[in-house]
1. So which aspartates and glutamates can B:LYS208 reach, going by Cα to Cα under 12 Å and dropping same-chain residues fewer than 8 places off?
2. Output needed: percent of Cα pairs per 10 Å distance bin for chain B, bins running from 0 to the one holding the longest distance.
3. If you add up the charges near B:PHE401, with Lys and Arg at +1 and Asp and Glu at -1, over every other residue whose beta carbon is less than 15 angstrom from its beta carbon, what do you get?
4. If neighbour count is taken as other Cβ atoms inside 10 Å, put B:HIS465, A:HIS80 in order from fewest to most.
5. Any idea what angle helix B:568-586 forms with the longest principal axis of chain B, computed on alpha-carbon atoms, 0 to 90 degrees, nearest 10?
6. Calculate the mean, over all residues of peptide B:61-73, of how many other protein chain Cβ atoms lie within 10 angstrom of the residue's Cβ.
7. Under 17 Å from the Cα of A:LYS14, which lysines turn up, not counting those fewer than eight places away in the same chain?
8. Amide H of B:THR538: which non-local residues (sequence gap of 5 or more, or other chain) have their own amide H closer than 5 Å, using H built in the peptide plane?
Amino acid sequence: MAKHNQVRRKLPWKSQVRITSRTIIGSLALLIVAGLYLAVNGRVARAGRDVLVLQNDRAEFQRQIAELTSTLAELTTPQHMLERALELGYQPAGMGDMLYINIDGYVAPEMFEAPLPPSSTSDHASSLSPAYTETLGEWLIRVVRPRGGGVQ
Amino acid sequence: MIPNSLPYRRVRVLLAFMVVIATAMLIQLIRVQFGPYAPVFATWVEAANEIDNEVVPERGLIYDRDGDLLATNVPTYYLEIEVFQLTPTSRKQIAAVLSRALILPYEDLYAQLMADWGSIGQFRIRLTRQVGVDERWPITIDQVASDMLKGFLLDPEAPDLSGLKMVPAPRREYPAGRLAGHLLGFVNQEGKGFFGLEGFYDSWLAGKPITIERGYIPPEARLEPDPPAGVNLVLTIDLDIQQMVEDILRKVLEDSSAESGQIIVMDPKTGEILALAIQPSLDPNNYEPWLETQGVEADKVSETEELVINPAVGGQFEPGSTFKVLTMAAAIDAGVVTPEDEYLDTGVIEVGGVRIRNWNGGAWGPQTMIGCMQHSLNVCLAYVASERLGAPLFYKYLEAFGIGRGTGIDVAGEVPGQLRTPRHPEWTEADLGTNAFGQGVSVTPVQLLAAVGAIANQGVMLQPHVVRAVVGPEGAYYPKPTVLGRPISAETAEVMTSMLSQSLDGETTLAHVNGYELAGKTGTAQIPTERGYDDRWTIASFVGWGPVVDPQFIVLVRIDKPESSPWGSVVAAPVFRDVVERLVAMLEIPPDHVRDQLAAARTEEQQ
């Protein structure tokens, strides 16, 4: 024992190297875990941001569609069409101008069918893959126990 | 004891540095948690974390029968302010930009931006504008203004609008403007539908809002679920016919200087309302002025809904001579008279102690029942009701025609009208005589149309309706015609149609349409007041249908208080003619002689 202490005093760099190397190994391990965590979170954040952007885009497109639909409807109202026809030199036909002609094979226009409104989507159907939401711990558990559930 | 060598001194310095850093972080944490800006941070945290958020689905669209859009949703935006993001410059420049772009008073906007909202715990406010003495409404901007402001927010050279946010708020828009305004109703700023179809189908159109947990930071983002959307409605209304009818109604009101009027066009075989025009019109895009004319404040519309009347379903009136159609139909169906039966008109009859006279006070001598209808003789009809039918039978038929009972039309605000029967404590024998020619009984235009529609439809009375299809996410539902009753037999209906076709020829030529045989009856009704009947004003009306061999339409015209002439035969009958002249072309109805030729050709082919 006394001999060991004597060696340490004579060679202090040995214990310093040992402490330093252990610290570096520990730090490296921490850095690896932190890096992994950061990488996963970075992907999650990027995917989340993509989701937010896409949702905003969808909302914006829906607003644009609504605006254009309304404009189109205004341009095709009977009053607007009548004004356009008058500008082009047409006149409304009176009873004396009209002649009923029976045309064989004429088929009246089909009944209008309105578009279906968008259907509801549930939370379950629209949930994200766990790959984007799970914690590192949850991921480890999933890897260790693969039967517990896979990534969608 | 720690040696005082160089490496250990370095370690101590490093430790001290880390302690300083940790202390600083601790102080900052305490400041965030309890400092003066703690509420701001709390708001940020609340916004960043998942919070419950109500998602309102898009309101269902309304189409006419050919797919023309009648009601849609357009994007508008509320202007909101993130109070703690405001700077002295942005306060001035937001007020200046909005004042110039939206033509709003700068001082009012600036005062809102300068108020100490934080002291009352508000960190996000919605800018408002003054609309009355004590009333403020949120400012809304359209897509164009929104795009301009977004451009400013992104451009570093543009005015500083820090703190200004634009929050989407869909607004109901009616592309056809005033067209069918009363029928459609409107949607207020809170998204609730009132009157007309918007009121009647409000819960269906609005859909079901859902509450979701919404994350605002990227890792918490989710695909948001869509709430169950409101249904789309396809109406029975034909927008081209509606436009034509409204144009004609507007013109007749101008020409006759009348106060108001309605024209309703219905398919008697299905009960589908093809057009429902009401003047003065309601602009659902700008309903506040109309509400003012009705004496209702815009923010109190929900409390006073019953005070505002849709004249077609809620505007009851004493129908006058058009009601004689029902009296005569009842008498013929009961077998107490035939069209050829004669009656000696002396110009006066006493029923229940009340002397009833004809519209011109004259005596018309011997008349057949057709003549009674042709000359619209009050005395003759009072005789038929009181001496041939009798009260029990007469009122049984009126109830079968749905008088005194709502039709159940799918438009908000329908009233049942008023009919006093012998069961009523105030009923007198005189009522029988006056009811026979449409006095002392009140109906709505839709109610009268449905009742007379039974005669045009072989005795089957159908429920008037304006929705042809209800389209939900799972598919479309087509309501079938609802039979309200069979007040008279098919034979009676045929006899009545023939009778009214003949009587119309003699009553007025102003309702004739070349090439088509039509049936109908004019009406000139006095207006009851608290001091008896008004001696100046009348309600001129006409109800008619055609072609008599195969009725495709029934039209009711009602003109209130015309100045040019009080008579239905002068004011309302030409309106019927104008409508039918256009209607036969729009509905592609062949003239009678062409119809006969086509029928003959088909018969030959079959042989």
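Rule-based calculations on the coordinates, nothing more; no lab input. Quick caveat: nothing in here was measured; it's all calculated off a predicted structure. We place every Cβ from the backbone using ideal geometry, glycine too, and count neighbours over all the protein chains shown.
1. Filter leaves B:GLU54, B:GLU58, B:ASP226.
2. Reading the bins upward from 0: 3, 14, 21, 18, 13, 10, 8, 6, 3, 2, 1, 1, 1, 0, 0.
3. Local net charge: +3.
4. A:HIS80, B:HIS465
5. 70
6. Across B:61-73, the average partner-chain Cβ count within 10 Å equals 4.
7. Filter leaves A:LYS3.
8. It is B:LYS561, by chain and number.
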